[in-house]
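These notes concern the structure reproduced below.
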There are 2 protein chains.
Amino acid sequence: MNIVHYSDIDGKHFEGDSVQGITGRVLIGEDDGAPNFVMRLFEVEPGGYSPQHSHDWEHEIFIHQGEGAVFFEGKSYPVRAGSAIFVPPNKEHQIRNTGDGTLTFLCLIPAGPPEL
Amino acid sequence: MNIVHYSDIDGKHFEGDSVQGITGRVLIGEDDGAPNFVMRLFEVEPGGYSPQHSHDWEHEIFIHQGEGAVFFEGKSYPVRAGSAIFVPPNKEHQIRNTGDGTLTFLCLIPAGPPEL
């Protein structure tokens, strides 16, 4: 068994043309012996956003803190702490922080793609 | 895509000899088209606990709210909001609420076993 608090893991910061104000961490993955899926946590600064992209694996997302919007197929949907979002494979998506505080969410993916 | 807030899902209550004060919900599963793994959320009342059991699939757990203890191989480990726990297959485990408020955690499993 492994137990870790996310604040004890060094974050990887993402900043660029398509992504702003995102810090990511792998909480549970291949290094823990997890055989099937990977738990990552992302923090998004106010005004920040993830890339608008698609890929051939799904996301299972849970909003831990804050509020934001999920962009999907041309529309934007509000989410808040306690919201769960299933993004099917090959569908363009993006998450934005629309609140005043940090938006913190889990995003789980199947094993195989890059973990972060 | 599906978006749901956990509070909008009817919970299934568990109470018995081996489990106390637990309410479970499937947030993302087969009905959503999730192909690989299942996101469930559990609320544990103060003093409540999950069964002390083992099974041949893993858990990936994230504490959303509250504080508790994970029992694993004869020892008890404290956890709190923001903790992630990987429980390998075939290892006996249990979660207890050791705080004054509700303990709320995600527990993800691979597709295949009963979702709840």
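The values are calculated or read from the model by the stated rules, or taken from the named source; none is laboratory data. Remember, it's a predicted structure, so these values are computed and weren't measured experimentally. Cβ placement follows ideal geometry from the backbone for every residue including glycine, while neighbour counts extend to all protein chains displayed.
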Step by step: first the residues of the range A:42-68, then only those that are within 11 Å of chain B (Cβ to nearest Cβ) and of a type in the set (A, V, I, L, M), then the one that is nearest to A:L116 (Cα to Cα). Which residue is that?
A:I61
Unique residue being basic (K, R), farther than 22 Å from A:A34 by Cα and touching a residue at least 12 places away in the same chain (Cβ under 8 Å) when the list is B:R25, B:R40:
B:R25
Only one of these conditions is not met by B:I9: (1) among the hydrophobic types (A, V, I, L, M, F, W, C); (2) surrounded by 18 or more Cβ atoms within 10 Å (Cβ to Cβ); (3) without any contact (Cβ under 8 Å) to a residue 40 or more places away in the chain. Which number is it?
(2)
Look through the range B:88-116, keep the residues that are of a type in the set (S, T, Y) and within 8 Å of B:P46 (Cα to Cα), and return whichever of them is surrounded by the fewest Cβ atoms within 10 Å (Cβ to Cβ).
B:T102
Within the range B:12-41, residues out of contact with any Leu (no Cβ under 7 Å at 6 or more places or on another chain) and within 13 Å of another protein chain (Cβ to nearest Cβ) come out as B:I28, B:G29, B:E30, B:D31, B:D32, B:G33, B:A34, B:P35, B:N36
Can you say whether A:D10 is more than 15 Å from the chain's Cα centre (by Cα) and assigned to a loop (DSSP other than H, G, I, E, B), as far as the supplied structure shows?
yes
Within the range B:52-70, can one find any residue that is in contact (Cβ under 8 Å) with a residue 40 or more places away in the chain, farther than 30 Å from A:N90 by Cα and in a loop (DSSP other than H, G, I, E, B)?
yes
Does the range A:75-96 contain any residue that is away from chain B (no Cβ under 14 Å), in a strand (DSSP E or B) and among the β-branched types (V, I, T)?
no
Failed item, numbered, when B:V26 is tested on (1) modelled with pLDDT of 95 or more; (2) surrounded by fewer than 17 Cβ atoms within 10 Å (Cβ to Cβ); (3) not polar (S, T, N, Q)
(2)
